[in-house]
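First comes the structure, then the notes that go with it.
Derivation of every value follows stated rules applied to the coordinates shown; laboratory data play no part. Values in this document were obtained by computation on a predicted structure and should not be read as measured data. Heads up, the Cβs are rebuilt from the backbone with ideal geometry, glycines too, and the neighbour counts pull from every protein chain shown.
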Amino acid sequence: MKDTVNVGLIGTKFMGRAHSNAWLNVAKFFDGSVPEMHTVAGRNAADLAEFAARWGWANQSTDWRAMVSDPDIDLVDIATPNHVHAEQAIAALEAGKHVVCEKPLAGTLADAMAMTEAANKADGRTFVWYNYRRVPAVALAHQLVQSGTLGRIYHVRAAYLQSWGGPDTPLVWRFQADVAGSGAHGDLQAHIIDAVRFVTGEEITTVEGAIEHTFIEERPLLEEGGGSEIAGAGAGGSKMGKSSVDDAVLFLGRLSGGGLASFEATRLATGYHNANRFEIHGERGAIRFDFERMNELGFYDATNGATAGWATIDVTRGGDGHPFADAWWPDSHGLGYEHSFVNEAADILAALGGGEPVVPLPDFADALRTQRVLDAAIVSARERTPITIDYDTPGGQS
Ligand SMILES: NC(=O)c1ccc[n+]([C@@H]2O[C@H](COP(=O)([O-])OP(=O)(O)OC[C@H]3O[C@@H](n4cnc5c(N)ncnc54)[C@H](O)[C@@H]3O)[C@@H](O)[C@H]2O)c1
């Protein structure tokens, strides 16, 4: 791989901004290949011009297909709603590009399987923006559990709690099943399923007791030209439209190492705004994480006998080997949401340059495993039955 990686981005709103910020800043903080912000593709020419000028994209295109087949582009970055991930990723892979796609890998299991099949046939590498893996506290949790610090895992409790989805929130694409695939489930649960798989190194083998629920059946329709970002959703018009996704999904699962896990994702957890949380209890200790206090990791060392107690680790200390910390600021100068994307951009560039990421990067095959759990939970909820996932068979469930 050459030292410069020409990036082509599709999508210019929430994730388009987060990814642009990552490509803009990564080489200022990390050594390695340098991304060139070659082309941004989107649907609205006027918006694109403003976006490209603001973020430093050299070119812009209203034709993403032309962009992904441009011989100058090395890496296609997909920051669009879930229903177009498959056609965009497959077109880019067929054009010989590396692809980094937003999560969930797709809105449906069928799309995610087609994407993984295309990735298996392609020369390009694939990556998925499960960015929370690169929050330093989550990366440290992964390192601690993988080095055996907790011993055998008994219990995992994961929850992703937000509260922006009340009745006044308009019918943005996130509430449309044909675009999003699912609601809080694909949006939020996908992150905590990935986090549990990443930190424990175990797979979720069965899903039981799943509940899928839609509290708010109708939402205000967006006025023509209304924004689609959460933060910019604004007030809808007076007409109402039907929400076709869940507002909350809960389920239980069994882990491949024999432990038990519970998962909860909701957009209606009044009082929580981005509480992406997990707790893991093992035979020798436990860890707990909450993104609303993202620079901290809770750790309980059960081998300390009478002095055992929860410690709060400030995961910002490069000198103590905290992952990613030495690229940033002195100790206890905290990091934010955006750093997880910059950290992932750095690891993608390292991988493309033949190096090792700080912690493992998810590719399409890896993200397909998360998608299979998402799918199994919905089947379990709708059929009111436990589902066993057969990872050796494409799409296999019983
Ligand atoms: N990793 C994270 O933390 C995180 C957070 C939010 C969203 N996401 C994921 O990122 C993706 C995008 O979400 P978002 O919040 O940025 O959405 P958004 O609505 O804010 O932006 C979507 C962008 O895609 C463009 N777009 C829509 N359809 C298109 C099409 N057919 N062709 C080309 N461009 C199209 C829109 O114009 C817009 O620029 C989703 O898959 C979502 O699940 C991930």
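Here is how the number arises for the chain: DSSP H runs of 4 or more residues each give -39500 (n - 2.57), the sum is divided by the residue count, and the result at 222 nm is -9000 deg cm²/dmol. In order along the range 114-131, phi translates into HN-Hα couplings of 5, 5, 5, 4, 4, 5, 5, 8, 8, 7, x, 7, 10, 9, 10, 7, 7, 5 Hz, rounded to whole numbers, per the Karplus curve 6.51 cos²θ - 1.76 cosθ + 1.60 with θ = phi - 60° and x for Gly and Pro. Amide H contacts of Thr4 (H built 1.01 Å from N, in plane; Pro and chain starts excluded): Val34 sit under 5 Å, all sequence-distant by 5 or more or on other chains. Three semi-axes describe the equivalent ellipsoid of the chain; taken as square roots of 5 times the Cα gyration tensor eigenvalues and ordered largest first, they are 31, 27, 21 Å. Once you reduce the range 74-135 and the range 162-221 to the center of their Cα atoms, the two points are 20 Å from each other.
Dipole magnitude for the chain: about 480 debye, using +1 per Lys or Arg Cβ and -1 per Asp or Glu Cβ, origin at the Cα centre. For the range 154-169, 3J(HN,Hα) computed residue by residue from phi via the Karplus equation (6.51, -1.76, 1.60; θ = phi - 60°) reads 9, 10, 10, 10, 10, 8, 10, 10, 10, 9, 8, x, x, x, 7, 6 Hz, glycine and proline entered as x. Phi-derived couplings, Karplus 6.51 cos²θ - 1.76 cosθ + 1.60 at θ = phi - 60°, listed residue by residue for the range 16-30: x, 6, 4, 6, 4, 4, 5, 5, 5, 9, 4, 6, 7, 10, 10 Hz, with x used for Gly and Pro. Electrostatic tally near Asp31: other residues with Cβ closer than 15 Å to its Cβ, Lys and Arg +1, Asp and Glu -1, net -3. Rg over Rh for the range 4-131 works out to 0.94, both radii taken from alpha-carbon positions and Rh defined as the Kirkwood radius.
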